[in-house]
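First the structure, in the form of C-alpha cells, and then the observations on it.
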Amino acid sequence: MTQRGRATRPTGPSGRPRRTEGPRGGERVGAPRGGDLGARRARLREVIEPVVTAAGYDLEDLSVSRAGRRHVVRVIVDADGGINLDGVADVSRAVSAALDAAEESGADLVAGEYQLEVSSPGVDRPLTLPRHWRRNVGRLVKVTVRGAAALPEQRAAGDRQLTGRVVEADDERVVLETDAGRAEHGYAELGPGRVQVEFHRLDEIDEADEADDIDDIDDEDDVEDEER
C-alpha cells in the first residue's frame, strides 16, 4: 500500500519564512493593493508546474491564500501509484528552490512573507480528469450522470446520482459496476466523482489481521510442543 502524506516547508534559509524588503516586500510600485491573486497563481504555476512534472508527478492544484501577514502557497501533487512522504519532501525542496531562483531573478511571485505547503490529494478531492478515475480503479464512487437515459430508445432524462465501483478507466471513458450491472460512461456524461469511504472494508482488513495473529500464535505453540 502506498503511503500518502503531507509535508510543510516554510521558504527561506534555515526553514524561516522569507521576508523581502524594499519594493519587493509588498506590491510593486503602482500596482493595486493586494494584487491579483489569479495573476499570481498563473505566474506561480509557470514556475512550479515544470518542476513538478520533471520530478515525475502531476500538479493537481495550486492555490494562494492569505494567513495573517503572510501568504500560503499550497501545491497538490499526485502520480499513478500515489506519492509517499519522501516524494512529497523531494518535491517541496525542488519547488522551494525554483521559487527562490525565480525571485532572485526579479520575478514578482508572492508579495512579502509566504509559506509553501506541498501535499498529496485527499480522498475528498473530486475526480475530474481521466487520470483521477484511473488512479481510483477498484474504489467505490458517487457521481452525477448528466441527462442520461436508462435505455438507448428513451429520451434523455435529467441528471441522476449513480454510485458504483470503478472497474476500468482510460482516456475516453470509465466503467462502473453498480447494483444494476456494469455501465460504461464517457467523461462528458459525468460530473465530478467522489470517492466513498467503505468502513466495512476496514473491518475486513482488521479481521484478516487478527486471523493472521491467531495463526502466528498457533504456529508458536506447535514449535514449543515439538521442542518438548
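The values are calculated or read from the model by the stated rules, or taken from the named source; none is laboratory data. Because the structure is a prediction, the values reported are computed rather than measured. Here Cβ is always computed from backbone atoms with ideal geometry, including for glycine, and neighbour counts include all displayed protein chains. Note: accessible area is taken over every heavy atom of the protein model, side chains too, but ligands, DNA and RNA are not part of it. Shrake-Rupley method; radii C 1.70, N 1.55, O 1.52, S 1.80 Å.
Summary of computed values
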item: Total residues in the stretch 67-79, condition within 11 Å of the chain's Cα centre (by Cα) and either farther than 13 Å from Ser119 by Cβ or touching a residue at least 60 places away in the same chain (Cβ under 8 Å) (or both); result: 1
item: Qualifying residues in the stretch 166-198 (those that are assigned to a strand (DSSP E or B) and closer than 12 Å to His132 by Cβ) - the one most open to solvent (accessible area, probe 1.4 Å); result: Arg194
item: Any pair with Cβ under 7 angstrom, 6 or more apart, that starts in the stretch 114-136 at a residue that is acidic (Asp, Glu) and ends at one that is open to solvent by 40 Å² or more (accessible area, probe 1.4 Å); result: Glu117/Thr8; Glu117/Arg74
item: Flag for Gly122 being at positive phi and modelled with pLDDT under 95; result: no
item: Residue within the stretch 41-48 that is farther than 17 Å from Glu103 by Cα and free of Cβ contacts under 8 Å to residues at least 60 places away in the same chain present; result: no
item: All positions within the stretch 43-66 that are open to solvent by 50 Å² or more (accessible area, probe 1.4 Å) and more than 13 Å from the chain's Cα centre (by Cα); result: Arg43, Arg45, Glu46, Glu49, Pro50, Thr53, Ala54, Ala55, Gly56, Arg66
item: Output for the stretch 89-114, where each listed residue is aliphatic (A, V, I, L, M) and either touching an Asp or Glu at 6+ places or on another chain (Cβ under 7 Å) or farther than 23 Å from Tyr57 by Cβ (or both); result: Leu109, Ala111
item: Any hit, the stretch 124-142, residues being touching a Lys or Arg at 6+ places or on another chain (Cβ under 6 Å), open to solvent by 30 Å² or more (accessible area, probe 1.4 Å) and basic (Lys, Arg); result: yes
